[in-house]
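The values are calculated or read from the model by the stated rules, or taken from the named source; none is laboratory data. Bear in mind the structure is a predicted one, so any value in this text is a computation, not a measurement. Quick reminder, even Gly has a Cβ in these numbers, built from the backbone with ideal geometry, and neighbours come from all protein chains shown. Keep in mind that these areas ignore ligands, DNA and RNA; they rest on the heavy atoms of the full protein, side chains included. Shrake-Rupley method; radii C 1.70, N 1.55, O 1.52, S 1.80 Å.
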Amino acid sequence: MVADAFATITQRRMTGGFRIDGIDGKNLHLDPGPGALVRSYQFGVNPLKLHGILVSHSHTDHYSDAEVLIEAMTRGMTRNRGLVIGSQSVINGYKQWGPCISHYHLSKPRVEVLEAGAKLEIDDLKITATPTRHGDPKNIGFRMEWDEFTLSYTSDTAYFEELHQHHQNADVLIASVIRPGNEKIRGHLCADEFQLLVEETSPKLAIMTHLGMKLITDHPVDEANKISKETGVKTIAARDGMVIDLDIFRSKQETLDKY
């Protein structure tokens, strides 16, 4: 959390995580940090229509709005509805990390605790928890596969040799990238390390999110354009309120030019 503390508390970039609608008919919110509820309404996505909430680890900028989104998903805790997926630290706590969601809020939705490598199938959606190297040792990423489409999210992680193996063949790769260039910081990816990951995985679209203060200041679009040029993979730096139509990946590659 230290790397992003000032980006979070200053809100230079919004920290509500991201939402994916229409995954096998389901709407999922990933890593709902500060502002997730308010920003959902601001950008026209209804938290009452959530089917699931996924939380990767026990740092505040990833979980702080999980409880209010659970209240929305369960209609004010009046219905047994929805799904919450979290790491061991988020749901049960692990040593000094977590737990992050109250027993009360976990009493209405279905709850699944995933360790790295675990798989969960919900109808035609398969979710795999991917390993990370981060301050919270139980942190996980999420690889989601449905309808011959794969979206892979690294969560916060340092680069490590096997990282690419867990994100291969993704149509869309989303990664937390904290620093520009080769400015490495423990437990996180810098832009050069993300470029290496993109080269190793060859997604159709690569997205840098969870940008740290220095990357926000040092022109993240330039970093994304550099990665695009060097790898041949369309790479973008996430913007507040950005919307991507995943259906374009079922058509011609040149439609990516709109981003």
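Computed values, structure above
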item	result
Cβ crowding within 10 Å averaged over residues, with 181-189, 140-148 ranked highest first	140-148, 181-189
Reciprocal of mean inverse Cα separation for the range 174-228 (Kirkwood radius, Å)	10.9
The chain: mean projected area of Cα convex hull, nm²	12.5
Inverse mean reciprocal Cα-Cα distance (Kirkwood Rh) of the range 1-154, Å	15.4
Peptides ranked, highest mean first, by Cβ atoms within 10 Å: ranges 84-96, 117-129, 18-30	84-96, 18-30, 117-129
Surface share of carbon and sulfur [accessible, 1.4 angstrom probe, percent] for the chain	48
For the range 27-67: rounded, prolate or oblate by the Cα gyration tensor [a/c cutoff 1.5]	oblate
Cross-link reach list, lysines versus Lys119, counting only Cα pairs under 22 Å and skipping chain neighbours closer than eight places	Lys26, Lys138
Rounded if a/c under 1.5, otherwise prolate or oblate - the range 111-183, Cα gyration tensor axes	oblate
Proximal lysines relative to Lys226, as straight alpha-carbon distance under 26 Å, when same-chain residues fewer than 8 apart are discounted	Lys184, Lys204, Lys214, Lys234, Lys252, Lys258
Per residue, in Å², the accessible surface of the chain once ligands and nucleic acids are set aside, probe 1.4 Å	45
Space enclosed by the convex hull of the alpha-carbon atoms of the range 134-251, per residue, Å³	106
